[in-house]
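As structure tokens, the structure follows; a few thoughts come after it.
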Amino acid sequence: MAIKHMEVLSVQKILTLPLNIPDYQRPYKWSTKHVNQLIDDILNHRTKSCYRLGTVVLHQHKENDKSSPDIVDGQQRLLTLTLICAVLDEGNEIFSPTLLEHHFTSPVSIENLKHNTQIIQERFIGLKQDEKQQLLTFVLKRCELIEVMLDNLNEAFQFFDSQNSRGKALAPHDLLKAYHLREMMDSTEQNERLHHVELWEQGVNPDDESTNLHTIMGDFLFRLRRWVEGDYGIQFSRHNIEVFKGINLDSTHYAYAESMLALDYAVEAFNADPIRKWDKQIKPYPFQVDQVMINGKRFFEYIQHYIAMHYKLFGSEQALLKLFLANHTTYKGNTRKGDSYVKNLFMCSIMHYYDKFGDIELEKVAKICYRWSYFLRLNLQRIGMESIDNHARGLHHQSIFRVINKAIHPQQVLNFTPPSSDEKFKNASGVVDSIKIMTNGENNG
């Protein structure tokens, strides 16, 4: 591993470095709990001759050793330490951390920086001026950080991933954001990367919780990509983010990637045609949910594509299946945990079908997916994600995901017969009624 150096530095020496927060970093998100924990650590150990506050991983660009090092790990702690020092030094201007000069564009970061500054001010409001100066001296000169400087970005992230850092752990979508932004570094302009980061952050905190990025990735895309292959799909975590990693078309020369490269080139060429400036027609990449992931900007486009699809199917006022959901998934008891799992299973199956065949025969297929999914509600008294996972993978009955995956025409899905229900448990009469209506409708047809 290309570690340039590893040394213990005082907080003052770290914060006076010309540090840079790169585009791929997540916003500043430390909560009140994390800020108070750091302040408590400082106050509880201020009589010590020195106190270690953790590790900071930095990346120094090879091509210019005098450039500002990028913060790979430790951004949250460094920004909080900067705020603490700024509050303690207020009015004296003895110390000027370089991060105070950083231009933040994320509304999330800006809001949290303001909020946490207020928290810090409230914590120190009872201190006299000389007490603030003593505490500032302790933080700057006797609190220490282990600085790890690397000159290879991928190795810097490998080192970061191997550490058990304190504070707010990175969620799987945070890790993937950083990974795919790194993949874009040599092939895209900064403005394009910032555009994808902005869309990503909007997806993290949308107005509608059901369409947030965490939900779409964890409850739909992760499960779909796993279930189509018959694999475990219960929980999306940082331990299985490989599901959303694939190939870099610029550096991959495998035979199977040639068609993907050709398609990628065709889409780019179409959109770059000068006539597109006139007719304003843009050709999106034709994603398939279970395709080999294309690293970099296509990953971000892939996520946005399926957020939009979910909204079109279920979320908007004119959603294709909004009325279907209202009629068949809002029965008495539908808010139970197990029922929410079944509803998610049903919606996943619909997304898989729509992804492949669009709205052709969508209403008819929705009835089949409903009967297949809600079979569990009528045959199990208690439903956990293990039961959902087994059903989706086809361990006990044929999986609708496999049927859709193998189908060449919609009729092959329409020919699928879901397992019949014995109606063992009368705890979802609304489901019984819906399935009877659907079955009678098919028989009459």
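Points worth noting:
- Residues of the stretch 18-45 classified as in contact with a strand residue (DSSP E or B) (Cβ under 8 Å, 6 or more places away or on another chain) and in a loop (DSSP other than H, G, I, E, B), total: 5
- Being in the same structural domain as Phe314 (by TED's automatic domain parsing), at pLDDT below 80 and buried (at least 18 other Cβ atoms within 10 Å of the Cβ) holds for only one residue in Glu201, Glu183, and it is Glu201.
- Complete set of residues in the stretch 9-19 that are surrounded by fewer than 18 Cβ atoms within 10 Å (Cβ to Cβ) and under 29 Å from Arg193 (Cβ atoms): Thr16, Pro18
- Subset of the stretch 247-289 [of a type in the set (S, T, N, Q) and closer than 27 Å to Met217 by Cα]: Asn248, Ser251, Thr252, Ser259, Gln288
- If you go through the stretch 284-318 and pick out every residue that is more than 24 Å from Asp186 (Cβ to Cβ) and not in a helix (DSSP H, G or I), you end up with 7.
- Check on Asp264, without any contact (Cβ under 8 Å) to a residue 40 or more places away in the chain, closer than 17 Å to His305 by Cα, of a type in the set (D, E, K, R) and surrounded by 13 or more Cβ atoms within 10 Å (Cβ to Cβ): yes
- When the residues of the stretch 64-115 are filtered to those that are among the basic types (Lys, Arg) and out of contact with any Ser or Thr (no Cβ under 9 Å at 6 or more places or on another chain), the one that is surrounded by the fewest Cβ atoms within 10 Å (Cβ to Cβ) is Lys66.
- Some residue of the stretch 65-81 being in a helix (DSSP H, G or I) and more than 31 Å from the chain's Cα centre (by Cα): no
- Among (1) part of a loop (DSSP other than H, G, I, E, B); (2) under 30 Å from Val342 (Cβ atoms); (3) not small (Gly, Ala, Ser) - the single one Leu249 does not satisfy: (2)
- Verdict on Pro27 being surrounded by fewer than 18 Cβ atoms within 10 Å (Cβ to Cβ), modelled with pLDDT of 85 or more and more than 23 Å from Phe124 (Cβ to Cβ): no
The values are calculated or read from the model by the stated rules, or taken from the named source; none is laboratory data. Keep in mind it's a predicted model, so treat the numbers as computed, not measured. Don't worry about glycine lacking a Cβ; one is built from the backbone with ideal geometry, like all the others, and counts go over all protein chains shown.
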